[in-house]
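Have a look at the structure that comes next, please.
The values are calculated or read from the model by the stated rules, or taken from the named source; none is laboratory data. These figures come from a predicted structure and were not determined experimentally. FYI the Cβ positions are ideal-geometry reconstructions off the backbone, even for glycines, and counts take in every protein chain you see.
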Amino acid sequence: MNTVPTPGKFPGKLRPLALCTASVLSCLAPLAQAEPGESEAVLPVVITTATRTEIKLENAPGSVSVVSRKDIENTPRASLKELVSGLEGVVTGQLRGQSDMVPGMSIRGVSGSGRTMVLVDGVPISTSYAGENQVLGGVNVEDLQQVEVVRGPFSSLYGSSAMGGVINFVTAMPDKEEYRASFGYGEAFEDGRAQKALMRGYLSAAKKFNDVLKVKVSYGWMNSDGYRSDMVMSTGNPNVGGVTGAERVSSPTGGIRYLVGNTGRGEQEKQDLGIRAELQATDRDSVHFSYTRSNIHNQYQDPESQLRDSAGKTLYGTTVVPVSSFSSSINDMTNEVATLGWKHRFANSRLSLRYAGIRVDEWYTTANRTVQAGATSPLDGGAGVLTPRYSENHLFDALLEQPLGDTILLLGTQLKTTKSVADTYNLGNYTQEGSRTGGKTTTSGGQERVIALFGDWQIPVSSKLSASLGARYENWHFHDGFTYDRSTPANAANPALNKAHPSSTKDNISPKLTLGYQLLERTMLKSSWGTAFNAPNIRDLTRNYSRNVGGVTTTYQGNPNLKPETSQTIDLGIEQGTANQGLMKAYVFQTEISDMHSTMTTVVNSTTSVVDRVNVGKARIRGLELALTQPLTPSLRLMANYTHLDTKILSNKGDPASEGKQLTSVPRHMANLALNYDDSRYFGTLAYQYASSRYFNSDNSDDVRGVYGSYDAYRLVHAKLGYHVNRNLDLSLAISNLTDERYYNSVLTEGRAWFAQASLKF
């Protein structure tokens, strides 16, 4: 294959990467000459995320991946994060294994809350408070049919947040009567290195009535006694006045600090309920309804201290280390999501209407930073602060799919309203959410309204060339914002901390163009260009709060004048079919982000500083993605991929030291390799994951690795072996972190652990 085009539009470092990629694929093209065997009978994979209409995976524009139900069942660590962590271009944080119920996920290095669109059954779930995906905590892995990942800017279809791409978790709705049940239990191989007494369970029942009505009900739960992952550090030396036990260690920036213990085991509980119904009202009309509710509770137990007094007694507080250092927040979160939709099929077009409502109620407690010299027992209470907050989203969506000759025109409109409020109260006992000692000390919040019009035109230009042209107009309006702080008399009298914020309105147009060219029978060239944006969240617009660390008070101030971030992306890729329905992919891309949301710190004096949220940054991301999915036999499949992310902060007036540095939370290199096996009797996976180290500080000063607070490189091996007892019962055993690698992702991550599960379906 000698006709691979030269990607001359890609500047700088991308040009040699693109040329190298094209050369490699040219050499590997002979693999495509083999004819597929039995796999030709496999039903085509259909997705909706890339175009908002049903389309075969191989015809979807841009770089798309699908995690199938079989892939989900073979995943060694069955968490939402792990389902996508092995895909090219997807960045996830390795934290606490299967207990990562609200995982952070980003695509192509566009990190940070709100910059990657996350959907559940096509519904955007990011909350209005901080742009976080808390609703994911209520999604049970057992409920999923597949996961769809599309890379690149998709604000043309989805609006704000779809800068790096879109991840859509699609739940299953059986077409016939079906009952499922599963139960799993796991432990660490070495006590304290991973989740203790981890239990997961799931029950579901689905039934079809008279070929008209389908109903599914599901219930899931999870319990874990946790493990000790959060350390207690002191910047001052506690080994004074007869106190011993503090261990001198390094900080991520190379400074000196002292390890004095840990905050205990992070116990977790989770329960979720789901109800879904689909009614075929007429030959042309269908109605669907869903409701999910989940509750997640996290609490730390049994903190440990290394400090001892002269008599050898354990100390949980000294003149240097506050007792509150050994406490950790108690967190409770309840999510509710309800959807109602109607679809009508005309003679040659389709219309769909949908409403989605989301509510997130959350509270957490923190202990006050008091110094109690000589404390000799773990914290069992004490004064603290309660922070309740809630967010609610309402989404109204209308979509018309209209064929025009050989083309398909998609027209849509959307109305979205959001509201968020965060309060604080003083507590007499931080371990008791109900021990409030007065009224609100602070409160902030606001509302947003978005009106959008969008369209997408899919055009088969010729027998080999296809194109899609889309654009979205969005009007974003922030209103009813407020901030009040009555925590002290001085704050209550400060007009900067007690005010109603002015309203603001921004318009945005996000166009996108994609091209696909069938170079050979099994060789497709793809390219795209598009823009995207990310509107500021209500926390950054309104939230004011203060923290006192080491005698220095830092006040964080919201900015109601924040502008949306914008980005522009161009990519070029080649997809090459290989033997037995295998596929090789290679993409190069570049993204530039302007008006990045950042912070600007002003030092008032030695004990006071102010942090403002501002638009000051510009960043660039250049990347390469290589991927291979290759069936080796009818039962054995190889998957391998590599991602290179070259990120750079081009400008940042609020933090000049960050200019020229890498973006935070983004590894430069990622690689994945997996072997999946599944026949009539046995199934399993052996997977390898690698990611290079990351930075937390924008100036990349945290370059000391292997210490608490660092973001280390990791090389992980996970394995799973299962047995199909019969057509109804599966038994499996998974071992995560097989080599027991010890590394930090800020906290101490999980060591080697096992998890056994029985799954029943009939």
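Here are some conditions: (1) more than 22 Å from Arg308 (Cα to Cα); (2) part of a strand (DSSP E or B). Tyr227 meets all but one. Which one does it not meet?
Single failed check for Tyr227: (2).
Suppose we keep only residues that are within 23 Å of Val666 (Cβ to Cβ) and of a type in the set (D, E, K, R) within region 47-92. Which one would you say is modelled with the highest pLDDT?
Glu88
Where the second residue is part of a helix (DSSP H, G or I) and basic (Lys, Arg) and the first is without any contact (Cβ under 8 Å) to a residue 40 or more places away in the chain and under 20 Å from Thr116 (Cα atoms) and lies in region 134-148, which pairs have Cβ atoms under 7 Å and are six or more apart or on separate chains?
none
Then there is this: Please go through (1) under 26 Å from Gly706 (Cα atoms); (2) outside any strand (DSSP E or B) for Pro634 and return the number of the only condition it doesn't satisfy.
(1)
Follow-up. Do you know which residues across region 160-212 are under 30 Å from Met596 (Cα atoms) and in a strand (DSSP E or B)?
Of everything in region 160-212, those that are under 30 Å from Met596 (Cα atoms) and in a strand (DSSP E or B) turn out to be Gly165, Val166, Ile167, Asn168, Phe169.
For region 492-508, indicate whether the set of residues that are out of contact with any His (no Cβ under 6 Å at 6 or more places or on another chain), within 30 Å of Gly405 (Cα to Cα) and buried (at least 20 other Cβ atoms within 10 Å of the Cβ) is non-empty.
For region 492-508, residues out of contact with any His (no Cβ under 6 Å at 6 or more places or on another chain), within 30 Å of Gly405 (Cα to Cα) and buried (at least 20 other Cβ atoms within 10 Å of the Cβ): absent.
May I pose another question? Need the failing condition index for Pro656 against (1) in contact with a His (Cβ under 9 Å, 6 or more places away or on another chain); (2) without any contact (Cβ under 8 Å) to a residue 24 or more places away in the chain; (3) of a type outside the set (Lys, Arg), just the number.
(1)
Restricting region 705-762 to residues that are among the aromatic types (Phe, Trp, Tyr) and over 25 Å from the mean Cα position of the chain (by Cα), which is farthest from Tyr179 (Cα to Cα)?
The selected residue is Tyr723.
Going by the structure shown, is Glu267 out of contact with any Lys or Arg (no Cβ under 8 Å at 6 or more places or on another chain), of a type outside the set (A, V, I, L, M) and crowded, with 17+ Cβ neighbours inside 10 Å?
Here the answer is yes, as Glu267 does meet what is asked.
Among the residues of region 252-266 satisfying the criterion of being in a loop (DSSP other than H, G, I, E, B) and among the hydroxyl-bearing types (Ser, Thr, Tyr), which is farthest from Tyr744 (Cα to Cα)?
Thr263
Residue by residue through region 328-384, note down the ones that are in a strand (DSSP E or B), closer than 19 Å to Val232 by Cβ and either modelled with pLDDT of 95 or more or not aromatic (Phe, Trp, Tyr) (or both).
The answer is Ile330, Asn331, Thr365, Thr366, Ala367, Gly384.
Report yes if some residue within region 304-311 is without any contact (Cβ under 8 Å) to a residue 60 or more places away in the chain, among the hydroxyl-bearing types (Ser, Thr, Tyr) and not in a strand (DSSP E or B); otherwise report no.
So far as region 304-311 goes, no, none of its residues is without any contact (Cβ under 8 Å) to a residue 60 or more places away in the chain, among the hydroxyl-bearing types (Ser, Thr, Tyr) and not in a strand (DSSP E or B).
Can you list the strands (runs of 3 or more DSSP E) found entirely within region 647-762 that contain at least 3 residues being within 25 Å of Lys196 (Cβ to Cβ) and either among the aromatic types (Phe, Trp, Tyr) or touching a strand residue (DSSP E or B) at 6+ places or on another chain (Cβ under 7 Å) (or both)?
682-691, 714-724, 729-736, 753-761
Related question: May I ask you to list the residues in region 417-467 that are in contact with an Asp or Glu (Cβ under 6 Å, 6 or more places away or on another chain) and under 30 Å from Gln518 (Cα atoms)?
Answer for region 417-467, where residues must be in contact with an Asp or Glu (Cβ under 6 Å, 6 or more places away or on another chain) and under 30 Å from Gln518 (Cα atoms): just Pro460.
Still on this model: Could you identify the single residue in Thr554, Thr531, Thr569, Thr514 that is in contact (Cβ under 8 Å) with a residue 12 or more places away in the chain, over 19 Å from Thr591 (Cβ atoms) and part of a strand (DSSP E or B)?
Matching residue, one of Thr554, Thr531, Thr569, Thr514: Thr554.
Okay, residues lined up against (1) over 24 Å from Thr365 (Cβ atoms); (2) outside any strand (DSSP E or B):
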position: Leu415; (1), (2): yes, no
position: Val421; (1), (2): no, no
position: Asn429; (1), (2): no, yes
position: Ser462; (1), (2): yes, yes
position: Pro502; (1), (2): yes, yes
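Hey, another quick one. May I ask you to list the residues in region 715-762 that are closer than 18 Å to Arg681 by Cβ, among the hydroxyl-bearing types (Ser, Thr, Tyr) and surrounded by 18 or more Cβ atoms within 10 Å (Cβ to Cβ)?
If the condition is that a residue be closer than 18 Å to Arg681 by Cβ, among the hydroxyl-bearing types (Ser, Thr, Tyr) and surrounded by 18 or more Cβ atoms within 10 Å (Cβ to Cβ), then Ser732, Ser759 are the ones that fit.
OK, next. Please determine whether any residue of region 699-714 is among the small types (Gly, Ala, Ser), on the phi > 0 side of the Ramachandran plot, exposed (fewer than 15 other Cβ atoms within 10 Å of the Cβ) and in contact with an Asp or Glu (Cβ under 9 Å, 6 or more places away or on another chain).
Yes, that holds for at least one residue.
Still on this structure: May I ask you to list the residues in region 56-66 that are surrounded by fewer than 21 Cβ atoms within 10 Å (Cβ to Cβ) and touching a helix residue (DSSP H, G or I) at 6+ places or on another chain (Cβ under 8 Å)?
Correct list: Val66 only.
Further question: Give me a count of the residues in region 93-104 that are small (Gly, Ala, Ser) and modelled with pLDDT of 65 or more.
The total comes to 2.
Let me ask something else. If only one of Glu269, Glu278 is at pLDDT below 95, acidic (Asp, Glu) and part of a strand (DSSP E or B), which one is it?
Result: Glu269 is the single residue among Glu269, Glu278 that is at pLDDT below 95, acidic (Asp, Glu) and part of a strand (DSSP E or B).
Another question, if that's okay. Among the residues of region 437-467, how many are surrounded by 15 or more Cβ atoms within 10 Å (Cβ to Cβ) and of a type in the set (Lys, Arg)?
So the answer is 2.
Please find, within region 105-126, the residue that is modelled with the lowest pLDDT out of those that are part of a loop (DSSP other than H, G, I, E, B) and within 24 Å of Ser68 (Cβ to Cβ).
Ile125
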